[in-house]
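A.B. asks: Sharing a structure with you now.
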Amino acid sequence: MTVPVELPSLLDLGRAIRAGETTSAAATERCLEVIRDRDPSINAFITVLADAALDAARTADRELRSGRDRGPLHGVPISIKDILDMAGVPTTAASHVRREHVAASDATVVTRLREAGAVLVGKTNLHEFALGTTNEESAYGPVHHPLDPGRSPGGSSGGSAASILAGMAYASIGTDTGGSIRIPAAACGLVGLKPRYREVPTRGVVPLSASFDHVGPLCATVADAASIFRVIADAPGLDGAPRPGVARGLRLGVPRRYFLDILDDEVAGAFDAACARLSSAGVTLDDVVIPHAGETPAAYLHVAITEAAAFHARTLESRPDDYTPTVRVRLEAGRYVLAEDYLRAQRCRHLLRTEVSAALEGRDGLLLPAMAVPATPLGAATVRVGATDEPVRNVTLRLTQLFNLTGHPAMTVPCGATGGGLPIGAQLVGTATPELLRVAATLEMHIRGERLASR
Amino acid sequence: MNPEDWLESARADAERRGLPDLRPALEGLARAAGVLREADWNDDASGGSDSAPNAPPPAG
């Protein structure tokens, strides 16, 4: 295993392409070479679009030579989670249920990326139908963590995260229904943004739980995330990539109760160190309480699996054996939820939304870890946290799923590594995505730590 | 239906459908339902305690 690497920024690549220091074709060929060399062992991609990507890269280079500049993503190789439609390409959602599917048109987000000049190198592996946090249950096999093949890169957007960490793409588009962008971002040392609910269109995205589903980027830096958000959001409200401002005077709430109760020692250490660096930089950190946070998993479960079961009901009847066994069981469970419990879960959700908004009142954000443990071993049902064994699914979702219930924007920013070199992520939560990105850009250097401060 | 009765009937239905592996998931769902039912914001039709405002439609 190696220590987390400093990943190249897509904005730096875009600048280099525009300055004539390299070309989109050269960058794309490099990514495709890495895919050929490393993906047989990592398994990040379900479909590689080598010819189409090289064509798009050459077009991007020709456009720049002729004076047409489509912006920061022009010519940048990006991967797409295989749950978003690309015209003429299968959208497998990592399931045999969709093995005959070929998309008729692009998802709205894909259309916007193409218009911005992005080069789409392929479609990445995921937890089947995005219903899991480890990427182990996929019809195309598990994704292996690029830093340790015996571990999961997180999920469900695990192929997206692995593709960036391994150098197969400069960014990726993922989806996040309970943490599926922020969890793999934390496990792989990336920035991952779940925007505010409905800010990025989900047309052309296979739903998991429609009222929790979000689309967003995984990438190397906060500025990269902002650049992609500006392209894919309906009304981004950002003029350009946010620049780091003055940290002194910013105020963050830290929700310790519930959120820090079950935490790996090394994650706790990295988070405490990030808090100390922020305090030294003049950021005010004070404790906040989300009074009913303990009811989050119960409310989340009832809404998520009910919505998912409704979407899958027909194929659960007609093609049950085309699902992986664990995902089939999770979906089937959703068919047993009682209406009165579903409505209780919705009431709880409304209450939690109010409580998170109250905690953000007068503050620039909330700060908490993104994942309670580092990348988990493949095949593990439980993981040791302190003195107890916790179910992997529960412990990986624990810190992220609340903000799918409430719809608040939230993002992962790397905040260090374990002694063994596995990445650790912090999570910032805000009220509005543009402001969250501005605060994150200001705090990124302090959260990441001194080792990465000179990037 | 209380969660215990619900769990018993759900288990029986899962067995009948040839899905015995569903049992742990149903048990987890029953525990989650219990958490929601015991929460302090639940309605009291007798008017004996304040209740939380009604939830909005389930769309975000």
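A.B. asks: From the mean inverse distance of alpha carbon pairs (Kirkwood) and the Cα radius of gyration, derive Rg over Rh for region A:305-455. Let's see the in-between values first.
C.D. replies: Values: Rg = 19.0 Å, Rh = 18.3 Å.
Radius of gyration relative to Kirkwood radius: 1.04.
A.B. asks: In debye, nearest 20: dipole of the protein assembly as shown around its Cα centre with unit charges on the Cβ of K, R (+) and D, E (-)? Don't skip to the answer; put the middle values down first.
C.D. replies: Working: 52 positive and 62 negative charges, 260 e Å.
Using Cβ point charges on Lys, Arg, Asp and Glu, the protein assembly as shown gives about 1240 debye.
A.B. asks: Based on the inverse mean of 1/r over its pairs of different Cα atoms, what is the Kirkwood hydrodynamic radius of region A:334-423, in Å?
C.D. replies: 15.7
A.B. asks: Give, in whole angstrom and from largest to smallest, the semi-axes √(5λ) of the equivalent ellipsoid of region A:187-247, with λ running over the eigenvalues of the Cα gyration tensor.
C.D. replies: 23, 15, 9
A.B. asks: Then there is this: Between A:ARG99 and A:ARG243, what FRET efficiency comes out of the Förster formula 1/(1 + (r/R0)^6) with R0 = 30 Å and r the beta carbon distance, rounded to 0.05?
C.D. replies: Using R0 = 30 Å, I get an efficiency of 0.05.
A.B. asks: Can you give the Rg to Rh ratio for the protein assembly as shown, taking only C-alpha atoms and Rh from Kirkwood? Before the final figure, lay out the partial values.
C.D. replies: On the way: Rg = 22.1 Å, Rh = 22.9 Å.
Over the Cα atoms of the protein assembly as shown, Rg/Rh equals 0.96.
A.B. asks: When the Debye formula is applied to the Cα atoms of region A:63-136, each taken as the same point scatterer, what base-10 log of I(q)/I(0) results at q = 0.15, 0.17, 0.18 Å⁻¹?
C.D. replies: For region A:63-136, the Cα-only Debye profile gives -0.57, -0.68, -0.74.
A.B. asks: Just order A:430-436, A:185-191, A:227-233 by mean Cβ neighbour count inside 10 Å, highest at the front, would you?
C.D. replies: In descending order of packing, they fall as A:185-191, A:227-233, A:430-436.
A.B. asks: So what's the projected area for region A:261-304, the Cα convex hull averaged over all directions, in nm²? Let's see the in-between values first.
C.D. replies: On the way: hull surface 17.6 nm².
One quarter of the hull surface, i.e. the mean projection, equals 4.4 nm².
Values quoted throughout were computed directly from the atomic coordinates according to the rules given, and no laboratory measurement underlies them. Here the structure is a predicted model, which means the values were calculated and not measured. Note that each Cβ is placed from the backbone with ideal geometry, even for glycine, and that neighbours are counted across all protein chains shown.
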